[in-house]
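The values are calculated or read from the model by the stated rules, or taken from the named source; none is laboratory data. All values reported here derive from a predicted model rather than from experimental measurement. Backbone-built Cβ (ideal geometry, glycine too); neighbour counts: all protein chains shown.
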Amino acid sequence: MDSREKQIAAPTSWETFEDLWLALFKAIWKDPLAQKNGRRGQPQHGVDVFGSMNGLATAFFGVQRKGKDQNLGARATVGELEKELAKAERFSPALAHWVFATTAPADAALQEAARRLSADRTAKGQFPVSVLGWGDIQALLVEHRGVLELFYPEVAFDLSSLMTELRRSSTGNAVAALRGDIATLSARPPSRSASWLEVSFDDRRDLGPALMGRPLGPADVAACPVLPEAQTAVAELERAFSARLEGEPGVGKSVCALQAAKTFADRGWSVFKVADPAIDHIDWLPSTERNILYIIDDAHLMAGHVLQAAEAGAGRTRMLILVANSQSP
C-alpha cells in the first residue's frame, strides 16, 4: 500500500471538524473543560476553541481553525492570519497564546510571518502566535493516540506507515514551538493525571471495518452483535459501580466496553474515555448533576495503586470500566 494512503484526511463534515479540534486541544492542554467558543453564528473573536493548561483557568489559550481544500492546492494566507489575529485581540480575558491552525499544508511564508509577529508581540508583552499546517496537526494526532482512535480508528492500527509519511510532510518546527510555548506558559509542571475525552455514539458505520479486522470504535458499536460479556459488565457496574474486562489482545475487550457504555449512554449517562493510560493519578471531571461512566482502556499500563484508587472512587453516579490485557504468568 502506498504510504500516502496512510495520511489522515481532514474531516469533510464541519461538525466533525469542530469536534476533532476540541478533542485534540483538550488532550494537548490536559484540560477536560476546554470548550468551543459560543455557537455557530455568534461572534467568536478569532477563537474557535479555548482552554487552559491542566484546566487551571489561570491563563487561556485559543485556537482558530481555517479549513482549506488540499485537493485544490488552497493555502492559508498571511492576510488571513493577520485578520484572524486582529479578532483574537478582542477575546476576553486576553489570551496567553493563540494558534492559527489550517488544513492546508505547511507554508514557509506563513510560518515566517507568525515568527515575526510573535517576536514583535512578546517584546510588547502581548500573546505569541503559532501556525499549524495539516501535517503538524497529523503529528499531534499521532502523539495523542486516544484522539486518533476516536476520529480515525481505521488508521490508528498502523502508526509505523503513518509516521513515515508524517516525517515527509511536516517540518516539525511549528509543533515544537507550540510545545515550547505551552511549557513556558504552564502554571505548573506537566502532570500525568488523567485527561478525559467524551465518547459519542451518534455516528454509525456498517460492518466493513470489523470484517477487515480494523480496530473498532464508538461508531461501530451499533453494527456489532452485542457480546454476552457486555451484558455481564453492565450487571457488574450496576452492582459494584466498576468492572474489569481482561483478556488477550484482539479478543474484543474494547468494543465490549463500548457496548456496555452504550447501554448507560442510552439511559442518559455521559461517557468519557481516558486519552492516555500512562498516568500516575486519577483526576475525575468536576462534579455535575449528570451521571458519568468512565472507560480506561489499556489499564494494564497503569500502576496497581492507581487502578485501586480509580476503583475506590467509583460510585452510584460515577462508574468505571477498566480494560486490560491479561498478565503473563
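Residues in region 285-295 that are under 19 Å from N54 (Cβ atoms) and either in contact with a Gly (Cβ under 6 Å, 6 or more places away or on another chain) or buried (at least 17 other Cβ atoms within 10 Å of the Cβ) (or both): L285, Y294.
Conditions tested, residue by residue: (1) assigned by TED's automatic domain parsing to the domain that holds L141; (2) touching a strand residue (DSSP E or B) at 6+ places or on another chain (Cβ under 7 Å); (3) at pLDDT 90 or above.
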| residue | (1), (2), (3) |
| --- | --- |
| L237 | no, yes, yes |
| A243 | no, yes, yes |
| G250 | no, no, no |
| R267 | no, no, yes |
| V274 | no, yes, no |
| E289 | no, no, no |
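Can you tell me which residues in region 8-47 are among the charged types (D, E, K, R), at pLDDT 85 or above and more than 22 Å from E80 (Cβ to Cβ)? Give the steps one after another, and end with the answer.
Of all residues in region 8-47, those among the charged types (D, E, K, R) come to 15, 18-19, 26, 30-31, 36, 39-40.
Going one step further and asking which of them are at pLDDT 85 or above, we end up with 19, 26, 30-31, 36.
D19, K26, K30, D31, listed by residue number.
If the condition is being within 26 Å of L141 (Cα to Cα), in contact (Cβ under 8 Å) with a residue 60 or more places away in the chain and in a loop (DSSP other than H, G, I, E, B), then region 246-280 contributes P249, A275, D276, A278, I279, D280.
Name the one entry in V221, V226 that is out of contact with any strand residue (DSSP E or B) (no Cβ under 8 Å at 6 or more places or on another chain), buried (at least 19 other Cβ atoms within 10 Å of the Cβ) and either at pLDDT below 85 or of a type in the set (G, A, S) (or both). Give the steps one after another, and end with the answer.
Details: V226 fails: buried (at least 19 other Cβ atoms within 10 Å of the Cβ).
None of the others qualify; the one that does is V221.
Of the residues contained in region 97-118, none is found to be surrounded by fewer than 19 Cβ atoms within 10 Å (Cβ to Cβ), over 21 Å from I137 (Cα atoms) and in contact with a His (Cβ under 9 Å, 6 or more places away or on another chain). When E165, E112 are checked against the criterion of being in the same structural domain as V47 (by TED's automatic domain parsing), at pLDDT 90 or above and part of a helix (DSSP H, G or I), a single residue qualifies: E112. Against the definition (in a loop (DSSP other than H, G, I, E, B), under 22 Å from D19 (Cβ atoms), among the aromatic types (F, W, Y) and in the same structural domain as D19 (by TED's automatic domain parsing)), how does F100 come out, yes or no? No, not satisfied.
Within region 68-86, the presence of at least one residue that is part of a helix (DSSP H, G or I), at pLDDT below 85 and touching a Phe, Trp or Tyr at 6+ places or on another chain (Cβ under 8 Å) is confirmed.
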